1. If contacts are Cα pairs under 8 angstrom and at least 6 residues apart, what is the relative contact order of chain A in percent?
2. Name the lysines eligible as straight-distance cross-link partners of A:LYS350: C-alpha to C-alpha under 25 Å, and not fewer than 8 places from it in the same chain.
3. Placing +1 on the Cβ of each Lys and Arg and -1 on the Cβ of each Asp and Glu in chain A, which of A:VAL360, A:LEU487, A:PHE286 has its Cα farthest towards the positive end of the resulting dipole?
4. Between A:LYS700 and A:ASN600, 0.36 nm times their residue separation minus their Cα-Cα distance comes to what?
5. Between beta-carbons, use under 14 Å as the cut-off and find the net charge around A:SER611, counting Lys and Arg +1, Asp and Glu -1.
6. Just to verify a number: what accessible area does A:SER678 come out at with the full protein assembly present, 1.4 Å probe, Å² rounded to tens?
7. Could you run the Karplus curve 6.51 cos²θ - 1.76 cosθ + 1.60 with θ = phi - 60° over the stretch B:50-63 and give me ³J(HN,Hα) per residue in whole Hz, x for Gly and Pro?
8. Using helices alone, I'd like the mean residue ellipticity at 222 nm for the protein assembly as shown: each DSSP H run of four-plus residues gives -39500 (n - 2.57), total over residue count, nearest 500.
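The values are calculated or read from the model by the stated rules, or taken from the named source; none is laboratory data. Computed from a prediction, not measured in an experiment: that's the story for all the values here. So basically every Cβ, Gly included, is an ideal-geometry build from the backbone, and we count neighbours across all protein chains shown. Each accessible area value is taken on the protein alone, full model and side chains, heavy atoms only, with ligands, DNA and RNA left out. Shrake-Rupley method; radii C 1.70, N 1.55, O 1.52, S 1.80 Å.
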Amino acid sequence: MKELKVVNRPVRKKDAMQLLTGQPVYTDDLIKEPCLIIKLLRSPHANAIVKDIDTSKALALEGIEAVFTYKDIDQEQERYTIAGAAYPEFAPYDRLIIDRHVRYVGDVVAIVVGEDEKTVDRALKLIDVEYEVLDAVLDFRQALDNKTVIHPEDNWKILVDVGSDVKRNLVAGSSCGMGNIDEVLGRCRYVVDRTYHTKATQQCYMEPFTTYCEMDPYGRLHIVSSTQIVFHIRHIVASALHIPKSMIRVTKPRVGGGFGAKQTAVSEIYPAFVCYRLKKACKLVFSRKECFTASSPRHEMEMHVRIGADENGIIKGIDLHTLSNTGAYGEHGPTTVDLTGHKSIPLYGKQEAFRFTSEVVYTNHMSSGAYRGFGATQGLFAVESAVNELAALMHIDPIEFRLKNIVKEGEIMPAYFNEPLTSCTLDRCLMKARDMIGWKEKGQRRVLENGKVRSLGVAIAMQGSGISSVDVGSATLKLNEGGFYSLIVGSADMGTGSDTTLSQVAAEVLDCNLDHIQVFSADTDISPYDSGSYASSTAYVTGKAVERCATELRNKIIRAGARILECDPENCDFDGEKVFCEDKSVSTEDIAYASMVFSNDSLEASVSHSSKTSPPPFMAGACELETDLETGEVKVIEYVGVVDCGTPLNPNLTRIQTEGGIMQGIGMALSEDVNCTSKGNVIENSFMEYKIPTRMDVEKLSVEFEPSYEDLGPFGAKSIGEVVINTTSPAIQEAVYQACGKRFYELPIRAEDIAMAEKQKNR
Amino acid sequence: MRVKLKINGKKVCADIDPDMTLQKFLRKQKYFSVKCGCETSNCGACSVLLDGKPVLSCSVPAVRTQGYEIETLEGLQKEAEEIGAFIADEGADQCGFCNPGFIITAIALFREDPCPSDEKIRIYLSGNLCRCTGYEGQMRGLIRYREQRRAV
């Protein structure tokens, strides 16, 4: 294979210095004055009907431009969804811009528009609302067939059959499997049967949801937003406003983190609606409290796992049932739940049977959305914790147990839609993680002189690379005057560095320096279609589109050069600087000039790419904890992650993705808690209560790669962004068990839980 | 009410509401490196220097800065580039939203102690949250910056 010159090199992100020196590149930095300020009046009740609303006092305030309520929205019109997904969406159409029926604490009651923030704040307090308060469904285990129906309206609809029964509060239900799981588990000598609970943890992107809207010079609605999905936003806003898609343009500037949150149109609809109505520029910036209480967190789930092994330590079958809480609206509910099974069960390749069933229910909580891992994180917490418990039951080392059972390259994965495993180094990942953490030397539990306990835990994980036969990535490349290239994509670099890695792919194919690729993303008027940056699709799907596009342009350049040289293109080649044929050559720069003078050929290429399969990346994670049994305090001494993401397109960026994912996972495992009051108020609604890890919370993260080569990906690459969050909570759960002898089946595992367990044990 | 102060060496005189925070005031003056990430003094994204000391501008009333000198990253471009280059070389800028606050605090740290220990770096910057990097890449960059300064 040709040696790689740009791909697989740790180059700087192309936008790095602009970001590090604080240049104005985010949505709220780019707003033109004058700009109206929008704020939302939100419901204090979890389930209520707005009987009446009086906005006259608010409207009387000087500087208030408009107040919109349910009275401005036809309640019988077609509903829409704010989930970003390829058409036809699996999400129910269950939203109105302002619904008279409010379904969670934070649901929108009125849109207030004014000249400045202070006036708008004052106006919010002057709106009188009369509510008819209804019973609320706050426990998702009680949602199914509850007498309270969360969506009783007649205009609820869904485009795809996902097993919904809305009158039962059931958004989706499905089942799949292979063989007779009950019979197989009945034969197993060892069976673990447990129920796990994970909460609606928050992505905590540093830039809050922000959207700015203006009318463009052609009288069209121009939406500038912090989003991962420009094309889906166009579709969603058109559905919500009932206006033609041709009237909408969506632009994404730099995005201050997304992690999936911005795969949902959380903030876009309201300013789009206001701007289109008033024909005036306006913006909506969420407060952090709104980000915590009215956004799109991870789905709360309860997973019942039965897993069995025979006397030889072979895992024979897994039976998983997942109950998922989608909250007040369906959105990503029907899709996230699938990953709990399809991205956990396939890890073990010797199963004779499996079963995976699921139910997704409506409740009166804010609706959940996409968060890195997208259901796989929850499923893997359950299944991997169960695997650790099974190993302990059998007195087998959990790493040896996995090495004996994991899926191998070349095998078919029945629980992964029968896709073949085309690339996998999971065994090497596990062995390397074992060596890096010092598994054999340290042992899983040891007591220090000061009484604290050091303990080890392990877990493995997979994800996908894009959605098979759905996701589309596209690239346009053109050769410019001066011999540099423009790469135009529709994927969204939300900080991952995808603009840079995609440029690396183009530069590799075109044999040029990275500086010769100028990159642009993303604008629905300019970019070629891309489903957006989610489902771990950008490196693998859009990356392949860029590779194919650059190859096409390369061939065009050779043909153009051959014409100038009056040679047969078959005899010509291109080295990045010139097209040459024996001793004759013409420079890229001159080829570019020639295309701009008396030319009928454009030196441009545009390619779309989709993949029939979604080759999984893999990861092995191992942790060392230090637990103070007296206080329950857990310190992460080291977390080791070894990843197979195929070829790392940029080793610096794949490393940072891994470190960042591990740290978010540590937060989910140990400190990020979500609770609500009996009225349905989220308690952890600021960074004061919602504890994400700080620099002080983890001593050391160690990351290495064991690259496989995925033939279907660009230069052998698979995805990286999501798989990296998945090992942490089960590995930590295991290490906590090793430390204190108690297994916790709910996250987060808090210090007080451990201390209380110790106290009870000593009683 | 009227407030007179210096921002990045420039004299500024402005009429403001008494309850306006320094964070909002600075953005209104178009110093867009000053971000708002939380409103509760938890994230560090709004860090600026107040007479050379790093403060969270979201919890400083603008009126209290009467007579003081404020520095935002717009006024510290050379130092930002120097430190930032080491972060860029690790790929640890990521989404970038926490970067200005983080760099401001790092500038203050290295002015105060040209050769801080790893532990001191962690403690000094502990109020600057980052959700992308897991902090390790930022640490690697700052340690390399320190080593380079030490070598010079």
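1. 15
2. Within the straight-line limit of under 25 Å, A:LYS350 reaches these lysines: A:LYS316, A:LYS404, A:LYS408, A:LYS432, A:LYS612, A:LYS718.
3. Going by the charge dipole, the pick is A:VAL360.
4. 30.1 nm
5. Details: positive: A:LYS544, A:ARG548, A:LYS612, A:LYS718; negative: A:GLU419, A:ASP471, A:ASP530, A:GLU547, A:GLU710, A:ASP711.
Taking every Cβ under 14 Å from that of A:SER611, the sum is -2.
6. 110
7. Each residue of the stretch B:50-63 in turn: 10, 6, x, 9, x, 9, 8, 5, 6, 10, 10, x, 4, 5 Hz.
8. Numbers: 23 runs with 250 residues, N = 915.
Value at 222 nm, helices only: -8000 deg cm²/dmol.
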